[in-house]
1. Would you check which residues across region 57-74 are modelled with pLDDT of 80 or more and surrounded by fewer than 16 Cβ atoms within 10 Å (Cβ to Cβ) and list them?
2. Would you point out the residue of region 154-166, among those that are touching a strand residue (DSSP E or B) at 6+ places or on another chain (Cβ under 6 Å) and hydroxyl-bearing (Ser, Thr, Tyr), that is nearest to ARG67 (Cα to Cα)?
3. So for region 162-171 (the condition being hydroxyl-bearing (Ser, Thr, Tyr) and out of contact with any Phe, Trp or Tyr (no Cβ under 8 Å at 6 or more places or on another chain)), does at least one residue qualify?
4. Between residues in region 99-113 that are among the acidic types (Asp, Glu) and residues that are part of a strand (DSSP E or B), which pairs lie under 7 Å by C-beta distance while being six or more apart or on different chains?
5. Which of the following residues is surrounded by 12 or more Cβ atoms within 10 Å (Cβ to Cβ) and either at pLDDT 85 or above or of a type in the set (Gly, Ala, Ser) (or both): LYS158, LYS131, LYS147?
6. Looking at this structure, is GLY99 over 37 Å from the mean Cα position of the chain (by Cα), over 30 Å from GLY151 (Cα atoms) and at pLDDT 70 or above?
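The values are calculated or read from the model by the stated rules, or taken from the named source; none is laboratory data. As the structure is a prediction and not an experimental result, all values here were calculated from the model. Counting neighbours? That spans all protein chains shown, and the Cβs are built from the backbone with ideal geometry, glycine included.
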Amino acid sequence: MTFYLTLSVVLTLLIAGGMFLDDRRRYGKFDVDAIIPASLVGVILGFMLSAFIWVVLMLVFNGTADREFVVVKDRQIQGLKDTQVTSGSFVLGSGSVDGDMVYYYMFRSGEGYLMGSADASTTVLVEGVKKPRIVVKRAEFTNKFIKRNFGEPTDDDKITLYVPKNTIKINYEVDMEGK
């Protein structure tokens, strides 16, 4: 953001200064009545030009700048015992929200439990751990200048759900006779 503001001020001063110098070159003096309109035009053009340059640079940096994925969440998933008619425990469930598949999981929060969710189309399931957990990694630019002035890349978070062995069950019953 500092880069954008500095660029805006510099371009505004250059444009307004250029208009003043052009006025002096043409008429041999500064026209006091032209200072306010020239300043307004300089401010407007300066901010528009700097915004355009910032967007172009952001697109270039977002596509080409080096980035790394850092862990922003590493949370243990809680298994819930079920003593009803069924046996076993619930570690991970799935469902549909607005037509999109979602994984649901429970995690400890303070004195109780909360339910979290992760988009099933972008979440990787890894089976075979003893303690289930979810790990979320977010992209960050490695260059400090780009990171400070252009924020975060637009990459999607990488979500990995680590679940115990035999958690993933695929059971299909297809009625080919239509009964």
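1. As a first pass, look at region 57-74 and keep what is modelled with pLDDT of 80 or more: 66-74.
Once the filter is applied, which keeps residues that are modelled with pLDDT of 80 or more and surrounded by fewer than 16 Cβ atoms within 10 Å (Cβ to Cβ), region 57-74 yields ASP66, GLU68, PHE69, VAL70, VAL71, VAL72, LYS73, ASP74.
2. THR160
3. Keep residues of region 162-171 that are hydroxyl-bearing (Ser, Thr, Tyr), which gives 162, 167.
Those still in the list that are out of contact with any Phe, Trp or Tyr (no Cβ under 8 Å at 6 or more places or on another chain) too: 162, 167.
The answer is yes, given that some residue of region 162-171 is hydroxyl-bearing (Ser, Thr, Tyr) and out of contact with any Phe, Trp or Tyr (no Cβ under 8 Å at 6 or more places or on another chain).
4. Final answer for the pair search is ASP100/ASP119.
5. LYS158
6. No, not satisfied.
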